[in-house]
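These notes are about the structure you will find just below.
The values are calculated or read from the model by the stated rules, or taken from the named source; none is laboratory data. This is a predicted model, so every value here is computed, not measured. Glycine gets a Cβ as well: all are built from the backbone with ideal geometry, and neighbour counts include every protein chain shown.
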Amino acid sequence: MLSRAEMPGGGAKPWPQKRTGRHHAGSIRSPGFIRGGFAHGVRGPKTWFYMLPDSIRLKGLCVALTIKHSQDDLVIVDDFGSLPGPDPQFLHDLADARNWGYSILFVDM
């Protein structure tokens, strides 16, 4: 949406200020005219991003874990202490070796 300054044309007054009986007009591209510019238009792209409430996000996680469990794709490890050291590369290599892909979640409590 273009403002009156960004519209093409409309550089001169369309008719004299006085003695015509018409309203005072400075440009045919002002917002009062048809095919004129917008007075207070949206500037820039609008973002549609919003955060879901925590309850809905938790419900989505529960549904995803339930589906993974029903497809036998859920692996639960209760003790990370038996793993060799706190090396994050080991966990990455383990996920690659077992073809777990990108849908993997490590939670350490």
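Check whether at least one residue in the range 90-106 is outside any loop (DSSP other than H, G, I, E, B), surrounded by 12 or more Cβ atoms within 10 Å (Cβ to Cβ) and in contact (Cβ under 8 Å) with a residue 12 or more places away in the chain, and report yes or no.
Yes.
Looking only at residues in the range 38-66 that are surrounded by fewer than 11 Cβ atoms within 10 Å (Cβ to Cβ) and aromatic (Phe, Trp, Tyr), which one is nearest to MET1 (Cα to Cα)?
TRP48
Among the residues of the range 30-70, count how many are over 25 Å from ASP108 (Cβ atoms) and not in a loop (DSSP other than H, G, I, E, B).
2
Could you tell me which residue of the range 76-97 is modelled with the lowest pLDDT, considering only residues that are among the charged types (D, E, K, R) and more than 20 Å from LEU65 (Cα to Cα)?
It comes out as ASP87.
From the list ARG22, ARG35, exactly one residue is at pLDDT 85 or above, under 30 Å from LEU2 (Cα atoms), surrounded by 10 or more Cβ atoms within 10 Å (Cβ to Cβ) and among the charged types (D, E, K, R). Which is it? Step through it out loud before you land on a result.
Values: ARG35 fails: surrounded by 10 or more Cβ atoms within 10 Å (Cβ to Cβ).
Testing whether each residue is at pLDDT 85 or above, under 30 Å from LEU2 (Cα atoms), surrounded by 10 or more Cβ atoms within 10 Å (Cβ to Cβ) and among the charged types (D, E, K, R) leaves just ARG22.
What are the pairs, 6+ residues apart or on separate chains, where a residue within the range 49-74 that is aromatic (Phe, Trp, Tyr) has its Cβ under 7 Å from a residue that is at pLDDT below 95 and outside any loop (DSSP other than H, G, I, E, B)?
That search, which allows pairs on different chains as well, returns nothing.
Being on the phi < 0 side of the Ramachandran plot, surrounded by 11 or more Cβ atoms within 10 Å (Cβ to Cβ) and in a loop (DSSP other than H, G, I, E, B) narrows it down to one residue among ASP78, ASP73; which is it?
So the residue among ASP78, ASP73 that is on the phi < 0 side of the Ramachandran plot, surrounded by 11 or more Cβ atoms within 10 Å (Cβ to Cβ) and in a loop (DSSP other than H, G, I, E, B) is ASP73.
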